[in-house]
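Taking it in order: structure first as structure tokens, then the write-up.
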Amino acid sequence: MTVSLVAFLVLITAFAVGCFTRINAGLLALVAAFGVGALIGGLSLDDVMAGFPTELLLILVGATLLFGIVKQTGTIDLLAYWAERLANGHRLLVAVLMFLLTALLASAGAFTPAAIAIVAPVALALGARFGISTLAMGLVVIQGANAGAFSPVNPFGALANVMLDKAGAPDGTLKLYVYCFLFNAVLAVIAYAGVQAIVRRRAARAESRSDTRSELPASGSPQGELGGGTGGGVLTEPTRTEVLPQKVDVTPMRLLSLVSLVALLVLTTVFGLDVGVASIALAVVLIVVNPDVQKPTIDTMPWSAILLVTGIVTYVGMLESVGALEDLQGGIESLGSGSIAALITSYVVGLISAFASTTGTLGVISPVVVPIAADPTLTALGVVTAISISSSVVDTSPMSTSGALLMASAKPEEERLFFRSLLLWAVVMIAVVPLVAWLVFVKLGIG
């Protein structure tokens, strides 16, 4: 059994244990990275440590710290109030507004985690008020970020355009953006409609069981199996609040928090400052102005999610160091048929990106994509579009940066169910989207 095969099997095992038990998969992966890398891969501890995602850690800590403070100051409530006034009581319009807002931020150049971190708290708060499932609203937000992610000024788009340029199709930049936007818009509609339909069916079944129990003696089973309650649930029927928006006042601290969000966009998109560094710097400014927000914010940060993501990504870095990813690339290149190679590559990037950075995945896979895209029997734009969509659509995975940030915006009591729901959606995306994207953009040759 080769080192690469053993390494991949260990990763799958760690993932499975973390999924079906209460053990953090990130902890398992972090320990396994050192064990597999040193004992089997011949790496030193320093080599394994080099794969620790310091930049990703800064993004997760910085973004969750900043937006935790923004939430503590009541600024999220203020934004939710403004958006609710704009929606004017229309539930569907709320979801549309959140999708467009996230897509606009990403299209303007905001790194997708930053766009999601900005919009997700507002979107989930509005979803709770309008009776929209947490999962449905969260998926809409991520699809919105992915819709704008392949803008020429976005990091994702920049990487994809490099592949287009090397494959001899530099004029496909705008089409790539439009195709990815439309594809993700359709997925957002499917996600919202599908999840809300499941929620309604579960609520109907719960109501039917409740009616049956009401006819039983007092010793019958207790009601409330699905826990409808108030606010937005993951897969429960939330109680829609049929009242006028409760006014939220603009205070100096909330105004400063809003300025910090604008500053985050300017610093990251105009000046190119790292999202994590910019977020931490702005968070410190807010803490200096109001030190009382520091402790409750840090205490409620999603440390388990941060550990989960960084541990998995460290393991993926070890896979690259031992040559497992190169073996994977070599196997893809040996397929011969450009069309089949494009399909396999789409599945590979989708699988890897679900556990790691999409930006990093696109960077690693680029040497494999370029020769496939340059195949004269295929369209370069079609190949790059299919692979770009496959790599980004799995950002709903709770082990990706975007998915982890979304989990950080959910209620603590919903964390495990939200994790499993996001994971299930990511699995469906991995299984279905690469094939659909390949059929549409590679086989049909759209481009």
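Things to note:
- Verdict on Arg201 being more than 28 Å from Val432 (Cα to Cα), part of a helix (DSSP H, G or I), out of contact with any helix residue (DSSP H, G or I) (no Cβ under 8 Å at 6 or more places or on another chain) and not β-branched (Val, Ile, Thr): no
- Test: Leu60 is modelled with pLDDT of 85 or more, under 30 Å from Val122 (Cα atoms) and part of a helix (DSSP H, G or I): no
- Restricting attention to region 418-442, the residues that are crowded, with 17+ Cβ neighbours inside 10 Å and under 19 Å from Asn24 (Cα atoms) total 6.
- Of the numbered criteria (1) at pLDDT below 80; (2) closer than 28 Å to Val309 by Cβ, the one Ala87 fails is (2).
- Every pair of residues 6+ apart whose Cβ atoms lie under 8 Å, when the first sits in region 70-85 and is over 19 Å from Val293 (Cα atoms) while the second is assigned to a loop (DSSP other than H, G, I, E, B): Ala80/Val248; Tyr81/Pro245; Tyr81/Gln246; Tyr81/Lys247; Tyr81/Val248; Glu84/Pro245; Arg85/Pro245
- In region 130-153, residue nearest to Ile387 (Cα to Cα) [restricted to those that are touching a Ser or Thr at 6+ places or on another chain (Cβ under 7 Å) and part of a loop (DSSP other than H, G, I, E, B)]: Phe150
- Verdict on Gly127 being in a helix (DSSP H, G or I), open to solvent by less than 10 Å² (accessible area, probe 1.4 Å), closer than 22 Å to Phe271 by Cβ and not hydrophobic (A, V, I, L, M, F, W, C): no
- Region 28-80 - residue that is hydroxyl-bearing (Ser, Thr, Tyr) and surrounded by fewer than 20 Cβ atoms within 10 Å (Cβ to Cβ) and, of those, nearest to Leu256 (Cα to Cα): Thr54
Results for (1) free of Cβ contacts under 8 Å to residues at least 40 places away in the same chain; (2) surrounded by fewer than 24 Cβ atoms within 10 Å (Cβ to Cβ); (3) farther than 29 Å from Val140 by Cβ, shown as yes or no for each residue.
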position	(1), (2), (3)
Ile344	yes, yes, yes
Tyr347	no, yes, no
Gly350	no, no, no
Ala373	no, no, yes
Ala380	no, no, yes
Ser390	no, no, no
Val394	no, no, no
Ser400	no, no, no
Ser409	no, no, no
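- Of the residues Leu159, Leu135, the single one that is within 19 Å of Ile372 (Cα to Cα) and in contact with a helix residue (DSSP H, G or I) (Cβ under 6 Å, 6 or more places away or on another chain) is Leu159.
- Close contacts from region 290-315, counting a first residue that is basic (Lys, Arg) and a second that is at pLDDT below 90 and crowded, with 18+ Cβ neighbours inside 10 Å, with Cβ to Cβ under 6 Å and a gap of 6+ residues or different chains, come to none at all.
The values are calculated or read from the model by the stated rules, or taken from the named source; none is laboratory data. From a predicted model like this one, the values you see are computed outputs, not experimental measurements. Here the Cβ is made from the backbone with ideal geometry for all residues, glycine too, and neighbour counts use every protein chain on show. The area values use the complete protein model at the heavy-atom level, side chains included, leaving out ligands, DNA and RNA. Shrake-Rupley method; radii C 1.70, N 1.55, O 1.52, S 1.80 Å.
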